[in-house]
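The values are calculated or read from the model by the stated rules, or taken from the named source; none is laboratory data. Predicted model, so just to flag it, every value in this text is computed and none were measured. Ideal geometry is used to build each Cβ from the backbone, glycine not excepted, and the neighbour counts take in all protein chains shown. Remember, those area values only see protein heavy atoms, side chains included, never the ligands or the DNA or RNA. Shrake-Rupley method; radii C 1.70, N 1.55, O 1.52, S 1.80 Å.
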Amino acid sequence: MTGFILRRLAQLIPVLLIASFAIWAMIFAVPGGPVGMMVGENATPEEIAAATRKLGLDRPIPVQYFNWLTHAVTGDFGQSLHSRDPVTKLIGERLPATLQLALVSILVALVIGIPVAITGAVKEGSWVDRLLNGWNALALGVPTFWLGILLILLFSVELRWLPSASRYVPLWEDPNQALRSLILPGLTLGLYVSGILARFLKASLVSEARADYVRTARAKGVSERQIVGHHIMQNALLPFITIVGLMVANFIGGAVVTEAVFTYPGLGRLLIQAISTRDYPLIQGCIVVILVIYMAISLIVDILYAVIDPRIEYR
Amino acid sequence: MLHPVPGSTGAAPPLLSLEDFTVAFAQGAGRTRVVHGIDLTLQRGEALGIVGESGCGKSVTWLAALRLLGKRAVTTGRVLLNGRDLSGFSERELADVRGGRIGLIFQDPTSCLNPILRIGTQIGEALRLHRGLTGKAAEREALRLLDRVGIADAPRRLRQHAHELSGGMNQRVMIAIALAGEPDVLVADEPTTALDATIQAQILDLIRDIRRDTGMGLVLISHDLGVIADLCDRVAVMYAGRVVETAATQDLLGSPRHPYTRGLLAALPSLEGPRVRLTPVGGTVPSPDAMPPGCAFAPRCAYAEAHCGNGIPVLQPAGTGHLSACRRLDALMGEWQRQAAREAGRHDPVVQDLDWPNRDRQRELSA
Ligand SMILES: Nc1ncnc2c1ncn2[C@@H]1O[C@H](COP(=O)(O)OP(=O)(O)O)[C@@H](O)[C@H]1O
Ligand code: SF4
Ligand SMILES: [Mg+2]
């Protein structure tokens, strides 16, 4: 097992190298270049030269990349051009908030999606199934910003149960307060993703239910409940893990709309802000962090797969 | 093998019988019928073969009888187990029958086992359900069963998964699972079709051995008369969802009384000398939604006449315990007997003398 994990980690290194080069090279795509960003439009040639030296842009390109990389691996992406704060500090403030929201959202999605999928699969073709299909279509069809605003209007403005703007409160410090500010954005994201998960899981449950081993289980007298829970579900969970992993990964940088509606301090919004201000060290930092989390999740998915599916050799 | 004479009166009811059993599949608004009212009986300890080309309704009949086909399959008629109609059984009682009174094995054993559960778990499941065994007791019994079906190194195999075993071994595992419930009858649906010849003979030998030891009944379904002939006391030939001929195995092989059965026999590879004067059948089984009127075999039948299309032929006596559903039965029996006599005169082995070579052939293969 350890060997399997180490091998998978080693496979990630070339991917990371190539990706990091692309991320670094981004600075040349910024209009006016990094120097232009730093000194502004009316800079004198002297100012430009000074900035160029300061940024190390007068050195050969491989050296520039190497310098950036050696700093990046220690978590140093430089300063934000905008706030002058270290990029690491800015990301460090947002990352826990994002992870926390991702966790709550995926839990909401699973708690809604799994029962919907199982019920739909067991009652396939019945009115219950059609009802649930409609529910999934609704979950997928309602725009996130609209649902978010609706929830705020209902629970914050009308009923005054929950805050409309979500602060970041660490779960382990004050679980009650944390959940109060997570529940609405978590529902907004989770409901949408529950539609995706339920559709996927139902399809794979239905296709597993047709497998020969299910007929064997029935033929040896296993009850329907155990056939679904013990035989079909376990097999259908394999491909499902991949989708759940993908969804969690998506929450890391892709929850921009929800974060904006609830003014939640997440990574997605930080990245959008960085892009709109052309704050390239911050953009680079965000993208690297998102990429690393993607890879970590895909590694976890692979490990889970290897643990659950005996057909995968990991020794 | 001792077993009661079929049809003996006053005795206990047959172990299993189908009476005017039909199966249809819901298709959009309508239904497509694929099994058209068949009668079959199986006495305790008897081995019944069901033969016919692919698509004749062999599998559907037995799966539907045990209500294993889901809601889309609609059945009529009766399925009696020891005289009790299964249609009155609750899901719970049915679960006791499945795997408990009636064991099933299928084609393609590897896909019939759950890919992510250990072999031991899958045998243990049947032991728990039908014998109430768990833990150490279940493990001991699972080991004994694996040993019984001829799997060496049983303790290690218990911990393995289907993909780590060969197809033949997986079929042995399937047999072990079926035996776990100590059933009265094993329904084996094409149990050797997916396996190569040597393994096929071994699996058939294993089934024969187990039957000798336990007296378990057998319903052996196959498209291959050779496989059936080797193991069964009696054979029912199915064509397009009907039984078209049934007889004791030797009778059926020695004097087939239906053109379709004769075609199946002709298609068999025979090893030494005897060349049987029969024409194999060309063409294919009609699909259930395009059934010819009258005799369903007519479009392929070398003996068909115009009146074969008028009404469906019913099973009628064609010898002792021998039934055949052919409108031209009387005429053809005469014709076949004359033909047999001619061939006997020429010292050419004939249908009646057809010595069944298959058993010996398989002995050779497994040696
Ligand atoms: N689930 C199903 N739905 C609709 N038709 C089916 C289904 N299963 C089998 N059939 C049809 O029933 C007929 C008999 O099939 P089957 O019993 O599997 O044949 P056999 O076992 O003799 O090869 C075939 O025409 C087949 O197409
Ligand atoms: S009834 Fe006619 S078509 Fe059918 S098997 Fe007999 S001879 Fe052939
Ligand atoms: Mg079949």
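Things to note:
- Average beta carbon contacts from partner chains per residue of B:67-80, 10 Å cutoff: 1
- Within 10 Å of the Cβ of each residue in B:156-167, the mean number of Cβ atoms contributed by other protein chains is 1.
- Using a 1.4 angstrom probe on protein heavy atoms only, the contact between A and B buries about 2000 square angstrom of accessible area, both sides summed.
- If you plug the beta carbon distance of B:Ala26 and A:Leu131 into 1/(1 + (r/R0)^6) with R0 = 22 Å, you get a FRET efficiency near 0.55.
- Label-to-label distance, A:Leu9 versus A:Thr70, with points set 7 angstrom from Cα along the beta-carbon direction: 2.3 nm.
- Cα-projected label distance for B:Thr76 with A:Arg84, points at 7 Å along beta-carbon direction, nm: 9.1 nm
- Loop chymotrypsin sites (Phe, Trp or Tyr not before Pro), the stretch A:1-82, which have at most 11 other Cβ atoms in a 10 Å radius of their Cβ (DSSP): none
- Between A:Arg167 and A:Leu138, the distance separating the two model label sites (each 7 Å from Cα on the Cα→Cβ line) works out to 3.5 nm.
- Modelled FRET efficiency - R0 51 Å, A:Leu304 with B:Ala267, Cβ distances, 0.05 increments: 0.50
- Near B:Gln107: Cβ cut-off under 14 Å, other residues only, Lys/Arg at +1 and Asp/Glu at -1. The net charge is -4.
- For B:Ala236, residues with placed amide H under 5 Å, excluding near neighbours: B:Gly49, B:Ile50, B:Val51
- Computed from point charges on the beta carbon alone (+1 for Lys and Arg, -1 for Asp and Glu), the dipole magnitude for the stretch A:2-73 about its Cα centre is near 500 Debye.
- Electrostatic bookkeeping for B:Ile199 treats Lys and Arg as +1 and Asp and Glu as -1; over the other residues with beta carbon under 12 Å from its beta carbon, the sum is -1.
- Annotation: the antiparallel percentage among DSSP beta bridges lying fully within the stretch B:16-236 is about 55.
- Amide H within-cut-off set for B:Val219, under 5 Å, with H built and near neighbours excluded: B:Leu48, B:Leu186, B:Val187, B:Ala188
- Packing rank of A:283-293, B:81-91, where each peptide gets the mean count of other beta carbons within 10 Å, highest leading: A:283-293, B:81-91
- Anisotropy class of chain A from Cα gyration tensor, a/c 1.5 cut: oblate
- Peptides A:219-232, A:128-141, A:258-271, A:107-120, ordered by how many other C-beta atoms sit within 10 Å of their residues on average, highest first, read A:258-271, A:107-120, A:219-232, A:128-141.
- Tensor-based shape of the protein assembly as shown (alpha-carbon gyration tensor, a/c under 1.5 rounded, otherwise prolate or oblate): prolate
- Backbone HN-Hα couplings from phi across the stretch B:122-134 [Karplus 6.51/-1.76/1.60, Hz, Gly and Pro as x]: 6, 6, x, 4, 5, 5, 5, 5, 9, 10, x, 8, 9
- Average beta carbon contacts from partner chains per residue of A:109-115, 10 Å cutoff: 0
- Furthest towards positive pole of dipole, A:Leu55, A:Thr119, A:Thr188, structure part chain A, Cβ charges: A:Thr119
- Inter-centroid distance (Cα atoms) of the stretch B:145-186 relative to the stretch A:277-315, Å: 41 Å
- Sequence ranges B:186-196, B:298-308, ranked by mean other-Cβ count within 10 angstrom, highest first: B:186-196, B:298-308
- For the stretch A:88-308, a simple Cβ point-charge model (Lys and Arg +1, Asp and Glu -1, everything else neutral) yields a dipole of about 320 debye relative to the Cα centre.
- Only protein heavy atoms count here; under a 1.4 Å probe, A:Arg84 has an accessible surface of about 120 Å².
- Apportionment of accessible area to carbon and sulfur, the stretch A:91-153, percent (1.4 Å): 77 percent
- Rounded accessible area per residue of the stretch B:1-147, 1.4 Å, Å²: 45 Å²
- Within a Gaussian network of chain A (alpha carbon springs, distance under 10 Å), most fluctuating of A:Phe200, A:Phe155, A:Phe145: A:Phe155
- Among beta bridges identified by DSSP and lying wholly in the protein assembly as shown, the antiparallel ones come to about 60 percent.
- Ordering B:Ile228, B:Gly45, B:Leu81 by Cα displacement along the dipole of the stretch B:16-236 toward the positive end leaves B:Leu81 in first place; charges were set at the Cβ atoms of Lys, Arg (+1) and Asp, Glu (-1).
- Shape of the stretch B:122-200, Cα gyration tensor, a/c cut at 1.5: oblate
- Farthest toward positive dipole pole in the protein assembly as shown [+1 Lys/Arg, -1 Asp/Glu at C-beta], among A:Leu197, A:Gly40, A:Val104: A:Val104
- Residues losing 50 Å² or more accessible surface upon assembly, the stretch A:217-236, compared with the chain by itself, 1.4 Å: A:Arg218, A:Ala219, A:Lys220, A:Gly221
- Under 5 Å from the amide H of B:Leu133 lie the amide H atoms of B:Arg128, each residue being 5 or more positions distant or on a separate chain, with H modelled from the backbone and absent for Pro and chain starts.
- Each Lys and Arg contributes +1 and each Asp and Glu -1, all at the Cβ; summed about the Cα centre of the stretch B:70-180, the dipole is approximately 140 debye.
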